[in-house]
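Bear in mind that the values in this text are calculations on the coordinates, not laboratory data. Everything numeric here is computed off the predicted structure, so don't read it as measured data. All Cβ positions, glycine included, derive from the backbone under ideal geometry; neighbour counts span all protein chains shown.
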Amino acid sequence: MAEKLKLGLYWAASCGGCEIAMLDTNEKILDIIARADILLWPVAMDTKKADVETWPDKHLDLCLFNGSVRNSEQEEWAHLLRRKTKALVAFGSCAHHGCIPGLANLNSRAEVFRSSYHDQPSLDETKGTEPQTSFAAPEGELTLPRFYDGVYPLDRVVDVDYYLPGCPPPVPVILTALEAVFSGDLPAKGTVLAPAKALCDTCPRNSTLPKKMPDIKRPWEIAANPEDCFLAQGLICMGPATRSGCESRCINGNWPCTGCLGPTPEVKDQGAKMLSALAAILRVDDESVMTDEETRKLLAKVKDPVGTFYMYGLASATINRRRKQGESVAAGKEAK
Ligand code: SF4
Ligand code: SF4
C-alpha cells in the first residue's frame, strides 16, 4: 500500500465556512483519511504550535490554509506552515483574495477599534477598553497578537504553491484538487485548481446574455425571472468576470453571482473586469450609447460599488485599500 500523505489544515482570519466545506465532502472524507493522515486541523484536533515547531522542514506534504492574514499570530503561522509544508495551498477566497474580511481594508485599524470598542451601543462597562498586546497580570505577562492595519491574502505574506478558490470552495473542486495531489498529477506552481472558464460560459441562462442593459436594479426591487440572464433583467451578476466551478449554485437559486470564485485566469482585477463588461452593455438600444451624464446616473444606482464589484477581491485588487492623506504604511508592507 502506498505511503499515506501528511495533510494539515489551518485557519487564520476566517469564518469557519471553509472547514465546513471539508466536512461537506461527507463520506468522501473517509477516502481522504484513507490516503492521508491529518496531522494538523485546529477546528477538530488539539495539535499545539510547539509540536508543529518540532517537525522537520517540509514534514507536511500538503497544507490547506484558509483565512486571510489580519494579525501577527496568523502571520507567524503562515511562515511556520510555509516552512513545514511541501505544497502550501491558499484554500478559499479569504486566503486567495482576502474575501469578506478584506472589505475591512476600507477602514484603518484605529477606525475598526473605535467602532468595536468605543461606539457599539451594546458595549457594557468595558466600553472604551481596547485590547493590549501585553498585560502584566499577577501570574505573569499575558499577550495578544498585534492586530494589523490591513487584511492580507496569504500570498502577500508567504510563497503559495496553489490556490483553491471559492467562498467556500465547492466540494467537487476540493475533491478534484485532492485527487490531483494524491495521484501526483499536479499542474504548474501558482495554478488555481478550478475550471478556467468564466461562469457565463457554463451558465444555464447564457443564451439570454444581453447586448444592452438600460437600467440597474437591486435584487429586492424585482421578482427575478428564473429563466433569463440577470443582466438582461437589470441585476448585476458577476458571471462575466468570475471563474466557474460552483455548478451555478446561486444562479440556480435565482440569485445573481457575487463573484466568490474570483477572476478567470486572464483577468487580474475582477472588479475592473466587471465594470468594463458593464460599460460595454449600458445602453438603451443596440445603436446609441449613453451620455456620460446618463451613465453616471445609472451607476449611482449601485449603492455599494466596493461591496458589489470587490466583495471577495478588494484585498488583492489593484487598489487594495482605502488610504487617507498622510498615512505612511504602504499597503502590503505591514506583514513581513
Ligand atoms: S472563504 Fe468564505 S467560507 Fe472560507 S473562511 Fe472565508 S468567508 Fe468563510
Ligand atoms: S451574467 Fe450571470 S445570469 Fe447572465 S449568463 Fe452570466 S452567469 Fe448567467
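Available extension along the chain between Thr191 and Asp119 is 21.6 nm, counting 0.36 nm per residue and deducting the alpha carbon span. Each Lys and Arg adds +1 at its Cβ and each Asp and Glu adds -1 at its Cβ; summed about the Cα centre, segment 18-138 shows a dipole of about 420 debye. Cα centroids of segment 13-28 and segment 173-245: how far apart, whole angstrom? Taking the Cα centre of segment 173-245 as reference, the centre of segment 13-28 is 21 Å away. Going from the fewest other Cβ atoms within 10 Å to the most, the residues Ser248, Ser288 appear in the order Ser288, Ser248.
Pairs from the table (Lys4/Lys86; Lys28/Lys49; Lys49/Lys86; Lys197/Lys273) lying more than 26 angstrom apart at Cα are Lys28/Lys49. Of the residues Ile222, Ile174, the one with the fewest other Cβ atoms within 10 Å heads the list, and the complete ranking is Ile222, Ile174. Within the shell of other residues whose beta carbon sits under 9 angstrom from the beta carbon of Ile281, the net charge comes to +3, with Lys and Arg scored +1 and Asp and Glu -1.
Can you work out the FRET efficiency for the pair Phe147 and Glu287, with r the C-beta to C-beta distance and R0 = 41 Å, to the nearest 0.05? Taking R0 as 41 Å, the efficiency between Phe147 and Glu287 is 0.15. Among Tyr10, Tyr152, Tyr162, the order by Cβ neighbours within 10 angstrom, fewest to most, reads Tyr162, Tyr10, Tyr152. Each Lys or Arg adds one and each Asp or Glu subtracts one; over the other residues with Cβ under 10 Å from the Cβ of Ala317, this totals +1.
For the pair Glu227 and Ala110, the difference between a 0.36 nm per residue extended length and the Cα-Cα distance amounts to 37.5 nm. Applying 0.36 nm per residue to the separation of Thr208 and Thr133 and subtracting their alpha-carbon distance, the gain on full extension is 21.5 nm.
Lacking any other cysteine beta-carbon closer than 4.7 Å, the following Cys residues of the chain have no compatible partner: Cys15, Cys18, Cys63, Cys200, Cys203, Cys229, Cys237, Cys246, Cys250, Cys257. Each of the peptides 196-207, 291-302 was scored by the mean count of other Cβ atoms within 10 Å over its residues; in descending order, highest first, they stand as 196-207, 291-302.
Volume per residue for the chain equals 180 cubic angstrom (convex hull of Cα atoms). At a Förster distance of 41 Å, what's the computed FRET efficiency of Glu76 paired with Ala280, Cβ-Cβ distance as r, to 0.05? Once rounded, the FRET efficiency stands at 0.35.
About its Cα centre, the dipole of the chain is roughly 640 debye, where the only charges are +1 on Lys and Arg Cβ and -1 on Asp and Glu Cβ.
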